[in-house]
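The values are calculated or read from the model by the stated rules, or taken from the named source; none is laboratory data. Note that the structure is a prediction, hence the values are computed from the model and not measured. Note that we place each Cβ from the backbone using ideal geometry, even for glycine, and neighbour counts take in every protein chain shown. For the accessible areas, the whole protein counts, side chains as well, though only heavy atoms, and no ligand, DNA or RNA atoms are used. Shrake-Rupley method; radii C 1.70, N 1.55, O 1.52, S 1.80 Å.
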Amino acid sequence: MMQQDTAPVPEPSKETKQPLECFLTQPKETKEETQKTKKWKKKKISEILAKSEPKPGTPGDLQQLIKNHYSGSRSVIELEELNLPDSCFLKANDLTHSLSSYLKEICPKWVKLRKTHSEKKSVLMLIMCSSAVRALELIRSLTAFKGDAKVMKLFAKHIKVREQVKLLENRVIHLGVGTPGRIKELVKQDGLNLSPLKFLVFDWNWRDQKLRRMMDIPEIRKEVFELLDMGVFNLCKSESLKLGLF
């Protein structure tokens with residue numbers, strides 16, 4: 001009787017240990033699977049952006065980018081000095097405008113300004129975008145706004161800096177459309193004077209094939225801030241220059 005009583009006792013204990021081992025291995029597999037799915041989602045951010053509704057840029061977006069860019073290199077007091085007054089911002093595009101209709105809204109006295117502008121090596125309005133191809137698209141869409149204004153391409157593709165400097169020295173140009181890198185280089189070489197500039201418009205909301213806006217591209221963003229440091233901040237604070245987000 002004692003042998004019969006003790007024989008079945010260890011058997012259920014062995015049976016209970018086996019399922020416990022199975023349950024311990026299963027959670028490890030699920031954690032690895034969830035990590036893989038998270039990595040997959042990160043690679044597909046463009047798909048998420050494609051499905052989401054686009055939101056128009058606001059002056060607050062630019063202010064935040066300025067703060068983020070300079071936070072590691074400027075003191076608290078210097079960062080406060082970089083805060084642009086609300087009065088220097090024009091009404092932002094709400095995504096319902098074409099470029100011509102937007103410019104007509106923010107600059108209703110364009111014809112008068114154009115007629116009184118006679119300074120060489122300068123422009124009244126700059127439109128900054130991410131590439132030469134995009135600049136050409138914007139120039140083609142300006143027809144309804146520019147009137148008799150002289151428009152100049154300000155990008156690096158197939159056009160040398162020296163050629164652009166000579167054109168600015170010899171002609172009265174009203175409107176420039178180009179990339180921040182080339183505009184910055186023209187200012188650096190004293191080929192473009194920013195003081196007469198009245199309007200600086202960012203091609204803010206447009207996205208490329210990778211769904212990146214111009215300020216989402218690190219190289220472009222860096223050049224924009226270098227250009228802003230070359231006198232744009234001071235012009236905005238003096239309220240002689242207005243900023244627009246198209």
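Structure notes:
- The single condition among (1) surrounded by 15 or more Cβ atoms within 10 Å (Cβ to Cβ); (2) outside any loop (DSSP other than H, G, I, E, B); (3) without any contact (Cβ under 8 Å) to a residue 40 or more places away in the chain that Ala135 does not meet is (3).
- All told, His158 meets the bar of being under 25 Å from the mean Cα position of the chain (by Cα) and at positive phi.
- Criterion (over 14 Å from Phe199 (Cα atoms) and either of a type in the set (Phe, Trp, Tyr) or out of contact with any Cys (no Cβ under 7 Å at 6 or more places or on another chain) (or both)) met by exactly one of Leu84, Leu124, Leu113, Leu136: Leu136
- Residues within region 193-212 that are surrounded by 19 or more Cβ atoms within 10 Å (Cβ to Cβ), touching a Gly at 6+ places or on another chain (Cβ under 8 Å) and assigned to a loop (DSSP other than H, G, I, E, B), tallied: 2
- Flag if Lys115 is more than 21 Å from Leu245 (Cα to Cα), open to solvent by 40 Å² or more (accessible area, probe 1.4 Å), without any contact (Cβ under 8 Å) to a residue 60 or more places away in the chain and not in a loop (DSSP other than H, G, I, E, B): yes
- Scanning region 152-186 for residues that are open to solvent by less than 50 Å² (accessible area, probe 1.4 Å) and among the aliphatic types (A, V, I, L, M) returns Met152, Leu154, Ile159, Val161, Val165, Leu168, Val172, Ile173, Leu175, Val177, Ile183, Leu186.
- Of everything in region 55-104 that is exposed (fewer than 14 other Cβ atoms within 10 Å of the Cβ) and of a type in the set (Asp, Glu), the residue that is nearest to Arg212 (Cα to Cα) is Asp94.
- Some residue of region 164-177 being without any contact (Cβ under 8 Å) to a residue 12 or more places away in the chain and more than 24 Å from Thr96 (Cα to Cα): yes
- Residue ID - modelled with the lowest pLDDT, chosen from residues in region 133-168 that are closer than 13 Å to Val123 by Cβ and among the charged types (D, E, K, R): Lys146
- So Ser122, is it closer than 14 Å to Pro180 by Cβ, touching a residue at least 60 places away in the same chain (Cβ under 8 Å) and in a loop (DSSP other than H, G, I, E, B): no
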